[in-house]
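The values are calculated or read from the model by the stated rules, or taken from the named source; none is laboratory data. Note that the coordinates shown come from a computational prediction; the quantities given were computed from them, not determined experimentally. Here the Cβ positions follow ideal geometry from the backbone for every residue, glycine too, while neighbour counts run over all protein chains shown. The area values use the complete protein model at the heavy-atom level, side chains included, leaving out ligands, DNA and RNA. Shrake-Rupley method; radii C 1.70, N 1.55, O 1.52, S 1.80 Å.
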Amino acid sequence: MSLLFTTIGLLVLIAAGRLIVTGAKGVAVAYGSDPFIIGATVVAVATGAPELAMTLIAVIRKQEHLGLGNILGSNIFNGLFIVALAAMISPITIVWDEVAIGLLWGVVTTLIIIPFYGTVIGRQRGLLLLLLYLLYVALLLRP
């Protein structure tokens, strides 16, 4: 029974992935936007929603380390495993103008989170990170 549910779950996951890609591409075309921008904003927020929910629950339950571990682990998994697997299936063309802002923001975010700024990510650093995210989106959306 577990094998059956796992197989069904995998098939639904593949179908959902196809729907997300098709929908994101449709949104990009409908708004005359670059698919990268839709992926880096709309799709990123949608696929980040489970991390948001899990992290908020962890923080409310005073288990912040689980939330932070989930976020950092997810980013490492996405950056190393998923990119590697996707590139092994089909080479990924990198358009420097599109990824430069994201890579720079990733480095800045990492530097802000590093504990040498203090062992607590408090409200001020949280606000700074939120403002940097809004700036990142604004830079992506600029004409």
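Details
- Residues in region 64-73 include none that are exposed (fewer than 12 other Cβ atoms within 10 Å of the Cβ) and over 19 Å from residue 49 (Cα atoms).
- Restricting attention to region 106-133, the residues that are in contact with a Leu (Cβ under 9 Å, 6 or more places away or on another chain), over 19 Å from residue 73 (Cβ atoms) and at pLDDT 85 or above total 1.
- Among residues of region 1-49, those that are under 18 Å from residue 142 (Cα atoms), among the polar types (S, T, N, Q) and over 15 Å from the mean Cα position of the chain (by Cα), counted: 1
- Looking only at region 83-139, and only at residues there that are within 16 Å of the chain's Cα centre (by Cα) and among the polar types (S, T, N, Q), the one that is most open to solvent (accessible area, probe 1.4 Å): 110
- Checking each residue in region 48-71 for being under 26 Å from residue 99 (Cα atoms) and free of Cβ contacts under 8 Å to residues at least 12 places away in the same chain picks out 48, 49, 50, 52, 69.
One line per residue, one yes/no per condition, for (1) touching a Gly at 6+ places or on another chain (Cβ under 7 Å); (2) exposed (fewer than 12 other Cβ atoms within 10 Å of the Cβ); (3) among the hydrophobic types (A, V, I, L, M, F, W, C):
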| residue | (1), (2), (3) |
| --- | --- |
| 2 | no, yes, no |
| 5 | no, yes, yes |
| 11 | no, yes, yes |
| 14 | no, yes, yes |
| 18 | no, yes, no |
| 29 | no, yes, yes |
| 34 | no, no, no |
| 38 | no, no, yes |
| 44 | no, no, yes |
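- In region 94-143, the residues that are within 21 Å of residue 42 (Cα to Cα) and among the hydroxyl-bearing types (Ser, Thr, Tyr): 109, 133, 136
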